[in-house]
1. Going 7 Å from the Cα of LYS367 along its beta-carbon direction, which residues of the range 43-64 have the amide nitrogen within less than 17 Å of the resulting point?
2. If you put +1 on each Lys and Arg Cβ and -1 on each Asp and Glu Cβ, how big is the dipole of the range 156-292 around its Cα centre, in Debye rounded to 20?
3. With a point put 7 Å past each Cα toward its Cβ, work out how far GLU135 is from GLU55 in nm, to one decimal.
4. So what's the back-of-envelope 222 nm ellipticity for the chain, counting only DSSP H runs of four-plus at -39500 (n - 2.57) apiece and dividing by all residues, rounded to 500?
5. How much solvent-accessible surface does ILE331 expose, in Å² to the nearest 10, with a 1.4 Å probe and all protein chains in place?
6. Give me a comma-separated list of calculated 3J(HN,Hα) values for the range 384-399, in order, Karplus coefficients 6.51, -1.76, 1.60 applied at θ = phi - 60°, integers in Hz, x for any Gly or Pro.
7. Order ASP210, ASP134 by their accessible area, 1.4 angstrom probe, all chains in place, largest first.
8. With label points built 7 Å along Cα→Cβ from the Cα atoms of LYS269 and THR375, find their separation and express it in nm.
Amino acid sequence: MQKQVLSSLLFTVAFLIVAAGIVLFPKGGVKFAAENEVKLRVWQGFKFEEVTVMEEIADRFKEEWEAKNPGKVLDIEIERVSYDDMVTKLKTAALASQTPDVAFVDALKVPDLAFGQTLQPIDELENFRYKSIDEARQQFVTASFDMGVVNRLGKENLYGIPVQTTTLAMFWNRKIFRDSADKLRSAGLDPNRAPRDWDELIEYARALEDKEKGIYGYAMSGSLWFQFPIYNQYNVNWVRYEKNGRAVPDIDNPRGKAALQRIADLYLKDKVEAGAWKRGAMGPDQGFLNEKYAMILMGPWFVEKFESAGLDFDVSLVPAVPADEAAELGIPAQSSSNIGGQIGVIFESCEEPELAYDFIEYFTSEKEQRYWSETLGQIPVRQAAWENLNTEKFPYVPKFMEQLKYAKRLPQMPLYGTLENEIANPEFDLLMNDKITVQEALEHMEKSLDDKVLKKLNARFDSDDSDE
């Protein structure tokens, strides 16, 4: 009853405001809406220097749009929302029917929003610029684009377009490699390059270790997201959709076992990992900064910090699955990585979804993505912008671009936070503390994934079927 009264009151207030020709904004108080004015509310979680560039791009879009629509005025309201708080604020806004038109959200959160039925399927818009999702995919960084594609109840739609992309690659300390050059050469290893596969990494790490100085050859994070490069190169899907649309777990198989065994062995069997995954231990980033870890997997957001600290380092591809192991498993013997970044989404409440889509397309256009990259040192999301890109000021960008060629999307499912924090990480912790075996960890994760995520997903599938 209280909800009905509140809803009625909100509707009455909203009606009176609209009838008076007034629109409420989060900033700037009350403004009167002109008849010839079109508004677009955009929420984004960029850093401050990124916001400045985004506003420049928005101004150019506004100028071009108004030139094509004489007599019309476009008001693009860009509001910065903390990257970490974005989804929480969006949920609150949805409850109050105050969602923005467009939001740039963490790529991991798109499935949650899509399954929550708050997003506009972009591929169903009248002005969608491509003949199919597959044709659109060819224009963008593939793995980043795929983070916006969601299979909901057996139907695949495009719910967002990548506006920012990132990935993990291998960072290695050249000074530590030089200091251990003799040891590396005596082991038949080249001190002037990083290891190319995981077996070679083990050899490198043993030669680079210096216990007296507290230097370890390799350090890894205990977070699932940082381990996905290995799972991805072993072709571990985590979830699989059957023809009827139902989701089933897909972890406990030879590839999943090989991937988790590889991760665990680096510490438990091969004894080359520093124990950086332990709670309270010095993390990979800090250990690399302190020149205690020779090799780590890290993203481009740490390049500036490492450079400012005066580190002599380089970036290479994540080590690949060794050729003999890959052949046995029937998978490519190549590097892989994961995907991060932000996706531009359009909310169902948006009154001008075609305009919102045009804005996202403009932001991700070849010209603007080249400007974005050359100004900020970030990776263009549109493939065409990779050509003739000036990276003179940002020499590490091409290295991450190369890594992105082999990157894969994360599991196509909602509730990623549950997967990481309640399913994978606890089992990883037990495994690394020698409390359970790899096989037991896989069995537990598969059952937990089914119970905590996929059964809910399939129950909703059943509910939707019953409503038809």
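The values are calculated or read from the model by the stated rules, or taken from the named source; none is laboratory data. The structure presented is a predicted model; accordingly, all values stated were derived computationally and were not measured. Cβ: placed from backbone, ideal geometry, glycine included. Neighbour counts: every protein chain shown. Side chains included, ligands, DNA and RNA excluded: accessible areas come from the protein's heavy atoms. Shrake-Rupley method; radii C 1.70, N 1.55, O 1.52, S 1.80 Å.
1. 54-64
2. The dipole of the range 156-292 has a size of about 120 debye.
3. So the label points at GLU135 and GLU55 sit 3.8 nm apart.
4. Numbers: 20 runs with 195 residues, N = 468.
Taken over the chain, the calculation gives -12000 deg cm²/dmol.
5. Using a 1.4 Å probe on the heavy atoms, I get roughly 20 Å².
6. 4, 6, 6, 6, 6, 6, 7, 10, 4, 7, 9, x, 7, 4, x, 5
7. The residues order as ASP134, ASP210, largest area first.
8. The two pseudo-label positions are separated by 5.0 nm.
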